[in-house]
Amino acid sequence: MEFQSRTQAIQISGIRKFSELVAKYPDALSLTIGQPHLPTPEHIRIAAQEAIAQGDTGYTPNRGTLALREAAAAYYRRLVGLDYDPETEILVTVGATHALDVAMRTLVQPGDEVIIPAPAYPGYEGIVKLLGAQVVYVDTRQDGLLLTPEALRRAISPRTRMVILASPVNPTGVVYPLERLQALAEVLADTKVWVISDEIYCELQFTGHLQSVALLPGMRERTIVIHGLSKSHSMTGWRIGFAFAPAHVAAEMAKVVQYGVSCASSISQRAALAALTEGACDARPMRDLYRHNRDLVVAAFTAMEIPLVRPDGAFYAFPAFALALGDTSENIAHRLLAEAGVAVVPGDAFSAYGEGHVRLSYACDPEVLREALRRIEAFVAKERRA
Ligand SMILES: Cc1ncc(COP(=O)(O)O)c(C=O)c1O
């Protein structure tokens with residue numbers, strides 16, 4: 001049977017493949033998961049129950065309820081300092097994944113190029129390819145896992161339509177400092193390149209002010225900011241995201257939302273409203289815990305003398321584990337699972353430029369993490385003796 005050629009050209013993400021494999025090792029400790037380990041805060045779950053009890057179960061406007069968009073505007077103004085008009089510049093989407101999809105469907109044509117600093121979250125590539133456009137990965141491994149202005153300038157061609165920036169970054173946890181964003185914005189100033197700024201992990205940044213490329217002079221008009229509640233409020237299953245975009249772009253995007261999904265779930269929108277209006281402190285305990293876990297991971301890899309760029313946000317670390325042990329990411333991840341009972345994601349799941357690394361998620365109980373790190377240390381010691 002023939003399938004649509006662009007669908008045939010994409011693969012199920014390596015993260016999913018690996019977490020399915022982990023299920024075959026019931027005693028393994030899994031550091032693969034890309035979601036907070038704590039449940040959605042209770043006040044949010046209650047708000048959803050109330051929505052159901054009150055019969056708030058119909059379609060909402062395509063862009064999401066005005067109440068939620070107003071709450072999102074106030075939240076993002078307070079958090080990042082960005083100002084968006086809830087009537088015309090904000091869309092509620094089915095998770096950040098959908099916001100990314102809608103933004104790219106609205107702006108990217110077949111044959112366009114989309115620049116993605118790599119290693120990168122694999123969700124971007126699939127969308128670009130489904131649109132018949134081309135991913136241009138820029139390897140950041142020699143540059144502290146951050147895109148440099150020189151590398152961005154080199155990657156831009158007459159066909160470049162967009163660059164996707166994220167901070168904190170999945171899979172590395174690195175955070176773009178303001179000066180670097182300014183330097184990248186300067187490169188973009190002379191071009192017509194659009195920016196997607198994926199800020200889904202911003203509430204889980206451990207230090208410093210939250211930055212957004214959209215805050216820089218001239219950038220708001222060419223940037224679509226993506227956010228969502230999956231990580232900040234432990235709401236991965238509720239599927240609520242946001243796109244913040246200039247009004248004329250948001251108007252086009254609203255059409256794509258209409259024909260794709262009509263609207264996000266009314267019940268999830270009520271839950272999200274509670275998250276944004278009464279949940280200003282919800283992310284704090286997670287952030288504190290993940291910062292503590294980050295310190296455990298950094299200390300362990302430093303002691304093992306395995307190179308690791310210190311993550312300053314999200315809940316991932318991306319050590320050059322395979323490189324240090326002289327094996328491929330795929331092999332070392334399989335062996336770590338089979339021989340040490342610890343599951344991590346091979347770095348090449350995040351593009352070919354993740355090769356040599358593995359991704360650890362430390363969104364877990366510190367005791368689980370400590371035991372997993374002990375097992376990794378024992379594995380490394382054995383490898384080095386062999
Ligand atoms: C960088 C990044 N962007 C977007 C998403 C999608 O999140 P959502 O659950 O809101 O669709 C993820 C999820 O892992 C992510 O890591």
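Worth a mention:
- Set Val169, Val213: member being closer than 23 Å to Val102 by Cα, touching a helix residue (DSSP H, G or I) at 6+ places or on another chain (Cβ under 7 Å) and within 16 Å of the ligand (Cβ to nearest atom): Val213
- Filter pass, Tyr76 being under 16 Å from His233 (Cβ atoms) and among the aromatic types (Phe, Trp, Tyr): yes
- Residue that is farthest from the ligand (Cβ to nearest atom), among those in the range 1-49 that are among the small types (Gly, Ala, Ser) and within 30 Å of Gly279 (Cβ to Cβ): Ala47
- Scan the range 99-118 for residues that are open to solvent by 10 Å² or more (accessible area, probe 1.4 Å), among the aliphatic types (A, V, I, L, M) and within 27 Å of Pro346 (Cβ to Cβ) and the total you get is 0.
- Qualifying residue in the range 85-105 (condition: within 16 Å of the ligand (Cβ to nearest atom), of a type in the set (Lys, Arg) and modelled with pLDDT under 95): no
- Check on Val187, away from the ligand (no atom under 15 Å from the Cβ) and in contact (Cβ under 8 Å) with a residue 24 or more places away in the chain: yes
- Filtered residues of the range 15-30 (kept if open to solvent by 30 Å² or more (accessible area, probe 1.4 Å) and assigned to a loop (DSSP other than H, G, I, E, B)): Ala23, Lys24, Tyr25, Pro26, Asp27
- Which listed residue is open to solvent by 20 Å² or more (accessible area, probe 1.4 Å) and either within 15 Å of the ligand (Cβ to nearest atom) or in a helix (DSSP H, G or I) (or both), from Tyr76, Tyr121: Tyr121
- Within the set Leu181, Leu215, Leu188, Leu204, the sole residue that is under 16 Å from the mean Cα position of the chain (by Cα) and outside the structural domain of Thr32 (by TED's automatic domain parsing) turns out to be Leu204.
- From the options Leu82, Leu68, residue that is touching a residue at least 12 places away in the same chain (Cβ under 8 Å), outside any helix (DSSP H, G or I) and over 29 Å from Ala352 (Cβ atoms): Leu82
The values are calculated or read from the model by the stated rules, or taken from the named source; none is laboratory data. Here the structure is a predicted model, which is why all the values come from computation and not from measurement. Heads up, the Cβs are rebuilt from the backbone with ideal geometry, glycines too, and the neighbour counts pull from every protein chain shown. SASA here: full protein model, heavy atoms, side chains in, ligands and nucleic acids out. Shrake-Rupley method; radii C 1.70, N 1.55, O 1.52, S 1.80 Å.
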